[in-house]
1. Among the listed residues V56, V63, which satisfies the condition of being in a helix (DSSP H, G or I), of a type in the set (V, I, T) and within 15 Å of the chain's Cα centre (by Cα)?
2. Is it the case that A45 is surrounded by 14 or more Cβ atoms within 10 Å (Cβ to Cβ) and touching a Gly at 6+ places or on another chain (Cβ under 6 Å)?
3. Which of the numbered conditions does A28 fail, given that it passes all the others? Conditions: (1) under 19 Å from the mean Cα position of the chain (by Cα); (2) open to solvent by 50 Å² or more (accessible area, probe 1.4 Å); (3) modelled with pLDDT under 95; (4) not charged (D, E, K, R).
Amino acid sequence: MAGFLDRAKEQAQRGLAQGKGKMEEVQAQRAGNDLLRRLGAAYYAEQNGTGSAQEVQRALAAVQEHVAQNGDAFLKS
């Protein structure tokens with residue numbers, strides 16, 4: 001009986017770890033999408049004369065940092 005409970009506990013822990021990993025992946029994708037939205041808004045503002053090139057560069061740097069930390073999967077979805 002103890003062997004069964006040990007296996008069940010291991011399986012539950014693996015499930016929790018997988019769920020946590022998936023949750024972190026989804027959060028990274030959402031953050032990446034938000035950064036892309038900000039980059040687009042900064043570029044649009046610059047093109048309309050209400051923004052600056054510095055704002056676009058800051059937004060682009062934030063996207064590049066996110067890609068370096070989390071990969072570019074959010075760009076493909």
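The values are calculated or read from the model by the stated rules, or taken from the named source; none is laboratory data. Worth saying up front: this structure is predicted, and the values here are computed from it rather than measured. Here the Cβ positions follow ideal geometry from the backbone for every residue, glycine too, while neighbour counts run over all protein chains shown. Keep in mind that these areas ignore ligands, DNA and RNA; they rest on the heavy atoms of the full protein, side chains included. Shrake-Rupley method; radii C 1.70, N 1.55, O 1.52, S 1.80 Å.
1. None of the others qualify; the one that does is V63.
2. Working: surrounded by 14 or more Cβ atoms within 10 Å (Cβ to Cβ): yes; touching a Gly at 6+ places or on another chain (Cβ under 6 Å): yes.
Here the answer is yes, as A45 does meet what is asked.
3. Of (1) under 19 Å from the mean Cα position of the chain (by Cα); (2) open to solvent by 50 Å² or more (accessible area, probe 1.4 Å); (3) modelled with pLDDT under 95; (4) not charged (D, E, K, R), only one is false for A28: (2).
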